[in-house]
1. Give me the net charge of Gly468's neighbourhood, meaning all other residues with Cβ under 11 Å from the Cβ of Gly468; Lys, Arg count +1, Asp, Glu -1.
2. Given an 8 Å cut-off on Cα distances and at least 6 residues of separation, report the relative contact order of the chain as a percent.
3. Given the pairs Lys242/Lys343; Lys225/Lys305; Lys29/Lys367; Lys343/Lys440, which span a C-alpha to C-alpha distance of over 28 angstrom in this model?
4. Going by alpha carbons, how many degrees (0 to 90, nearest 10) lie between the helix axis of 415-427 and the longest principal axis of the chain?
5. Within the set of other residues whose C-beta is less than 13 Å from the C-beta of Val396, count the net charge using Lys and Arg as +1 and Asp and Glu as -1.
6. From the phi of every residue in segment 200-206, what ³J(HN,Hα) in whole Hz does the Karplus formula 6.51 cos²θ - 1.76 cosθ + 1.60 yield, where θ is phi - 60° and glycine or proline is x?
7. In vacuum, with every alpha carbon of the chain counted as one equal point scatterer, what does the Debye formula give for log10 I(q)/I(0) at q = 0.11, 0.12 Å⁻¹? Two decimals, please.
8. Rounded to a whole number of µm²/s, how large is the Stokes-Einstein D of segment 228-323 at 20 °C and 1.002 mPa s, given Rh as the Kirkwood radius over C-alpha pairs?
Amino acid sequence: MGLQREQIVEGLVEILGSDRVITDEKVLKESSLDRYRKYEQVNEIYTQPIPAAVVYVESTQDVKEVLMFANENGINVVPRTGQSAIEGGLETAKENSIVVDGSGMNKVLKIDKYNMQVTVECGVPLQGLDDMLREQGYTTGHSPQSKPLAQLGGLVATRSIGQFSTLYGGIEDMVVGLEAVFPNGEVCRVKNIPRRAAGPDIRHVVIGNEGALCYITEVTIKIFKYQPENNVFLGYTIDDMKNGFDALRAVMVEGFKPSIARLYDAADASLHFDWSGDKNVLIFMAEGPSGITAATAAGIDKLVKAFPGVDSVDPKIIEKWFAGLNWGPEEIAEEKLEILATKNIGITTEVSGCWDCIYEIYDNACKRIMEEVPDMTLMGGHSSHSYINGTNMYFVYYYNIVDCTPEEEINKYHNQINRIICEEVIKYGGSIVHHHGLGKARAHYVWEEYGSSFYILDTLKKAFDPNGIMNMGTLIPIKHNEKHPWEF
Ligand SMILES: Cc1cc2nc3c(=O)[nH]c(=O)nc-3n(C[C@H](O)[C@H](O)[C@H](O)COP(=O)(O)OP(=O)(O)OC[C@H]3O[C@@H](n4cnc5c(N)ncnc54)[C@H](O)[C@@H]3O)c2cc1C
């Protein structure tokens, strides 16, 4: 027999004191979900089990004690920092969970300019950190659209990626060391070194664990010189989407290193640009020392213009547009009002594939969704992170919510769309998640995603979290509905 709700709260108060244990009903309800259930969230409908408490940790010792308490008593723990999750990673899948909020662990511990690295606690907001570094001539190079919202713990836990990834990489290329606490109270530090070959790279057990293996308390990431005066933007319209992917591929394969390389299809472009009409849009930015940016831009320009149906766009328009791309609390609040007023909602699903199948994934998924899902008002997407062997596809879709309650919306629309995208991606051997994490939204496809390598993930989970208390239902679903994997 597990602890009752009151006993859980009592235990937490004993560890942290009553000020840092929140049991206010509104807070608990709001802490039971994230933007995966955006329509429920804006309607203030809460269908997930309500947590017992939200606790605010301020040190590694706090995290250790809370995790040990939860582990001993079989209580589900949901780690969180910036709360910008959009795949259900913050859903409290079990009654009487503890939401462990690390946003108070917000100290920048060391800026090491000689070794070009910065060490921070998990609750340091990325925007504040990068602004501070930029004032001193440095940058993290990390710029997800959620930069004004996300914090370092969550960014590492989800394997996040930013808009300049083609040059700086994803967060996994930036993290040099970290500290994490496991459910049994073990505190592990991975030291800060440029590289080592002393066995497997154990940073990767922690990076991307989505709070399902351990709690990240501290992170050291690389820093880079910030030289915005040398930035060069490039923009084009291109008639054919397939040629657009080929142009992106050519840029990567010929060895250019722009920081931004993006391809928008006409539907998605129409949400951003009033000049794109029925054309697709290609965008690049070169960053770094001036000689390199000039050469990169000149080389890309020549390469892209050799493709059929390409026209240049004034780079100033692109630069201006890019400056307003990020989302903070204001945009979230505006979106809420719009959804409530129109009952039209916009959602995204991001996947990846090699160059030889990404167009088919994109084209098949878009066609099937328009044919199979009712009430669609827009279906499109963009590629925003490219590699030598392939790229991502960020599907963007809007639909009217017709004849269903907020509780029914997710299975009538969103999960159906995710299902079609996942089916097409799996068919072509791509990945069903490029950067938001599996969360709970796509955990049901973990077997298809991992194939025979699921053994490694499953063994990690059983070894580090034998009592299954870390973020239940994230990465590995609680129940697998074989017949309707998208319904849960
Ligand atoms: C408008 C918008 C735009 C976005 N754009 C991008 C983008 O460009 N690129 C991108 O990668 N993502 C993007 N995201 C998704 C989201 O911002 C990222 O997943 C981000 O990394 C989450 O960070 P967070 O601090 O908000 O984490 P949270 O939302 O608090 O948590 C996210 C996940 O990480 C786990 N977690 C949080 N903190 C810890 C910790 N200390 N230890 C262990 N686990 C932890 C949680 O349990 C949860 O599963 C976007 C989201 C929004 C709303």
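1. Around Gly468, the charge tally is +2.
2. 16 percent
3. Beyond 28 Å: Lys242/Lys343; Lys225/Lys305; Lys29/Lys367.
4. 60 degrees
5. Net of charged neighbours comes to -2.
6. Values, residue by residue: x, 7, 6, 4, 6, 6, 8 Hz.
7. -0.94, -1.13
8. The Stokes-Einstein estimate is 162 µm²/s.
Bear in mind that the values in this text are calculations on the coordinates, not laboratory data. Just so you know, these numbers come straight off a predicted model, no measurement behind them. Methodologically, a virtual Cβ is constructed for each residue, glycine included, from the backbone with ideal geometry; neighbour enumeration extends over all protein chains shown.
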